[in-house]
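Enquirer: Structure provided below as structure tokens; questions to follow.
The values are calculated or read from the model by the stated rules, or taken from the named source; none is laboratory data. Just so you know, these numbers come straight off a predicted model, no measurement behind them. We place every Cβ from the backbone using ideal geometry, glycine too, and count neighbours over all the protein chains shown.
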Amino acid sequence: MDLSLAEPEGIRILRAGRIRTMARPGEPATAEALAVAGDRVVATGRLADLRDDFGRRPEIDLGDGCVVPGFVDAHLHLTMAARQAAGVDLSPDVVADEPALAEALRGAAAVTTAGEWVMASRYDHMRTTSGRVLDRAALDRIVGEHPVLLVHIGAHWGVANSKALELAGLTDDTPDPSGGLLGRDGDGRLNGVLHEQALFDLAYPSLAQRGRIVPEPGLRSLLLGLDTASDAFLSAGITSVGDAMVGPDELRLLQQARSRGRLRLRVNALITHPHLDHLVAAGITDGFGDDWLRIGGIKAFVDGAVAGRTCWVSEPFEGTHDHGIAVVEPDQLHELVRKVHAAGLRVAVHANGDKAIELLLDAVHSAQRAFPEVGTRHRIEHCSVVTDQIVARIAELKMIPVPFAGYVYFHGDSLEGWYGSDRLERMFAHGQMLAAGIPVAGSSDYPCGPYEPLIGVQSCVTRRSRSGRVLGPSQRIDVEQAMRLFGTGAAFAAGEQSVKGRLAPGFLADLAVLDRDPFEVPPDEIGAIGVRQTWVGGRPAWDTNQPRHAAASAPTHD
Ligand SMILES: [Zn+2]
């Protein structure tokens, strides 16, 4: 198929086997064709009618597949994925066991200049090292001469070898950082495991409290990593993402990519809380930017991770007395939320456990009372474990939850043992929150979960884990509701619901061409539907024939 367009900015007509417009109830749910002008949809309907209305126009046949609005993922980590793509990928699909992991790390060390960092990500101890966490000593045996940092797939903890601890200035006498934890053995000696802020200081410059410890990869590596991540997301039909951890380095990378024509999907940047004062001082309010790159809120954290079993819960994890961890003091959170709210910015606060969510609800409630004239709707990132009372308060405070869509499928098998099947009926509570009239946004939180929106849709519809177990079936939703999570739901979380999530006049011409209709396949097959093409702004951005960028996993030196 020739995707080149004779009149790029003129009106052209796109037709396909079926177009699912995801329009408002009462408007046509399907169409034969779209008329597109520039980057916008100007009309939808029957092909014959559009030909009558617009006369002879270039027509592009998108084939016999099913066209849907491009998926919007409200919360994932694009720039983190770009940085990780510049390092070693330890995904269980890539390294199945400990010998394979060791080989991957040794291979990277062999092509890294002596003494420089070997950074690795997506380590899943449950699947790759049989539930046992590799510690500092184990890492030292694999690679001793380079500093090595492994980041867990959940992104909230990692493991450093002795050289890395030394370069980071961490010794047995170092106290835990505020909001973090240094893992220790029975004698109080550092075992290399770094939780929360202790990891962030090394792995995530936008949240680091101690200045830069690990050098930033060069721009060339990062742009290659961004290409790799963008290809992956576009190949899943994603056209817009919320990047949930953006600081100055990440914002610079995104701007560099844009100025070089290498920003291929739309980015709603959530700026990490240490940079709030600068935004306020610069007079930047919610939505600053344009359709390609904008500022969508301030990211902060209350607790740990669901998949890392560190979220802050009222009932302990199954068979333990462990209630997880809070990473912020209540006063700090109240002050932050109040400042963000007063400045006309949106908070997007990570709160997984019910205790964490309650603290955030308290903070938002008091900020709204102090500044009732500010109408900004705030977000709860993840909002994983809820109660009836929490759901009622979310509705009352007009907040927007952004729960994981794909976790039942992807992490379900390990979650059942930690949270219990009763609590899983109150986790990722898409069904209950939608029934309460709350706008719910779709999110993968990649790299913490699989980025494919259709896997998220399948997970929400079936509540079935990879091994086939059904977890929390009371929270099931139908295909239409699940598709809307990654459409108007996620768009609403960024204040972009008037331009994204539908194929209707005035909306951006962002779309995905699927090989089957998600409304018509058995629910367990939704995640396996193929994406043939992805269009952003009325132009093809990816198709199955496009050459993939060379994997950027080998370190590049620049
Ligand atoms: Zn996240």
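Enquirer: Have a look at LEU485, LEU471, LEU454, LEU514 and point out the one that is buried (at least 20 other Cβ atoms within 10 Å of the Cβ), at pLDDT 95 or above and touching a strand residue (DSSP E or B) at 6+ places or on another chain (Cβ under 6 Å). Let's see the steps before the verdict.
Expert: Details: LEU485 fails: touching a strand residue (DSSP E or B) at 6+ places or on another chain (Cβ under 6 Å); LEU471 fails: touching a strand residue (DSSP E or B) at 6+ places or on another chain (Cβ under 6 Å); LEU454 fails: touching a strand residue (DSSP E or B) at 6+ places or on another chain (Cβ under 6 Å).
After applying the criteria, what remains is LEU514.
Enquirer: Where in segment 16-117 are there helices (runs of 4 or more DSSP H), lying fully within it, with 2 or more residues that are of a type in the set (A, V, I, L, M) and surrounded by fewer than 21 Cβ atoms within 10 Å (Cβ to Cβ)? Break it down stepwise before answering.
Expert: Values: elements: 47-54, 78-85, 98-110.
Those helices (runs of 4 or more DSSP H) span 47-54, 98-110.
Enquirer: Quick check on segment 232-244. Is at least one of its residues under 15 Å from the mean Cα position of the chain (by Cα) and surrounded by fewer than 20 Cβ atoms within 10 Å (Cβ to Cβ)? Working first, answer last.
Expert: Of segment 232-244, the ones under 15 Å from the mean Cα position of the chain (by Cα) are 232-234, 236-244.
Remaining after also requiring surrounded by fewer than 20 Cβ atoms within 10 Å (Cβ to Cβ): 232.
Yes, because at least one residue in segment 232-244 is under 15 Å from the mean Cα position of the chain (by Cα) and surrounded by fewer than 20 Cβ atoms within 10 Å (Cβ to Cβ).
Enquirer: How do the pairs read when you match residues in segment 259-277 that are touching a residue at least 24 places away in the same chain (Cβ under 8 Å) and closer than 19 Å to ARG379 by Cα with residues anywhere that are of a type in the set (S, T, N, Q) and assigned to a strand (DSSP E or B), using Cβ under 8 Å and keeping only pairs 6 or more apart or on different chains?
Expert: Here the result reads VAL267/SER240; ASN268/SER240, each pair linking segment 259-277 to a residue that is of a type in the set (S, T, N, Q) and assigned to a strand (DSSP E or B).
Enquirer: Quick one: is ASP201 away from the ligand (no atom under 16 Å from the Cβ) and buried (at least 21 other Cβ atoms within 10 Å of the Cβ)?
Expert: In short, yes.
Enquirer: Within segment 517-531, how many residues turn out to be closer than 18 Å to ASP61 by Cβ and of a type in the set (D, E, K, R)?
Expert: The qualifying residues number 1.
Enquirer: Being touching a residue at least 40 places away in the same chain (Cβ under 8 Å) and within 16 Å of the ligand (Cβ to nearest atom): is that true of PHE233 here?
Expert: Considered against the rule, which asks whether it is touching a residue at least 40 places away in the same chain (Cβ under 8 Å) and within 16 Å of the ligand (Cβ to nearest atom), PHE233 comes out as yes.
Enquirer: Among the candidates ILE400, ILE455, which residue alone is within 30 Å of ARG83 (Cα to Cα) and in contact with a Lys or Arg (Cβ under 8 Å, 6 or more places away or on another chain)? Explain how you work it out, then say what you get.
Expert: On the way: ILE455 fails: in contact with a Lys or Arg (Cβ under 8 Å, 6 or more places away or on another chain).
Just one listed residue meets the conditions, ILE400.
Enquirer: With the requirement that a residue be among the hydrophobic types (A, V, I, L, M, F, W, C) and closer than 23 Å to ARG132 by Cα, what does segment 156-169 give you? Before you say what the answer is, go through the steps one by one.
Expert: Let us first name the residues in segment 156-169 that are among the hydrophobic types (A, V, I, L, M, F, W, C), namely 157, 159-160, 164-165, 167-168.
TRP157, VAL159, ALA160, ALA164, LEU165, listed by residue number.
Enquirer: If I filter segment 210-223 down to residues being closer than 12 Å to GLY87 by Cβ and of a type in the set (A, V, I, L, M, F, W, C), which single residue comes out as nearest to the chain's Cα centre (by Cα)?
Expert: Looking at residues that are closer than 12 Å to GLY87 by Cβ and of a type in the set (A, V, I, L, M, F, W, C), I get LEU222.
Enquirer: Identify, please: which residue in segment 241-260 is within 16 Å of the ligand (Cβ to nearest atom) and not β-branched (Val, Ile, Thr) and is, among those, farthest from ARG346 (Cα to Cα)?
Expert: Checked segment 241-260; the qualifying residue farthest from ARG346 (Cα to Cα) is GLU250.
Enquirer: From LEU76, LEU101, grab the single residue that is away from the ligand (no atom under 16 Å from the Cβ) and either farther than 14 Å from GLY225 by Cβ or over 25 Å from the mean Cα position of the chain (by Cα) (or both).
Expert: LEU101
Enquirer: Additional query: Can you tell me which residue in segment 428-448 is nearest to the ligand (Cβ to nearest atom), limited to those that are buried (at least 24 other Cβ atoms within 10 Å of the Cβ) and touching a residue at least 60 places away in the same chain (Cβ under 8 Å)?
Expert: Residue satisfying both the conditions and the ranking: ASP445.
Enquirer: Just to be sure, is GLY420 in contact (Cβ under 8 Å) with a residue 24 or more places away in the chain, outside the structural domain of ILE153 (by TED's automatic domain parsing) and in contact with a Phe, Trp or Tyr (Cβ under 9 Å, 6 or more places away or on another chain)?
Expert: yes
Enquirer: Condition check: under 14 Å from TYR419 (Cα atoms), among the acidic types (Asp, Glu) and either buried (at least 18 other Cβ atoms within 10 Å of the Cβ) or under 22 Å from the mean Cα position of the chain (by Cα) (or both). Does ASP322 satisfy that?
Expert: no
Enquirer: Taking THR79 and the conditions (1) in contact with a helix residue (DSSP H, G or I) (Cβ under 6 Å, 6 or more places away or on another chain); (2) more than 18 Å from GLY158 (Cβ to Cβ); (3) among the polar types (S, T, N, Q), which numbered condition does it fall short on, given that it satisfies the others?
Expert: (2)
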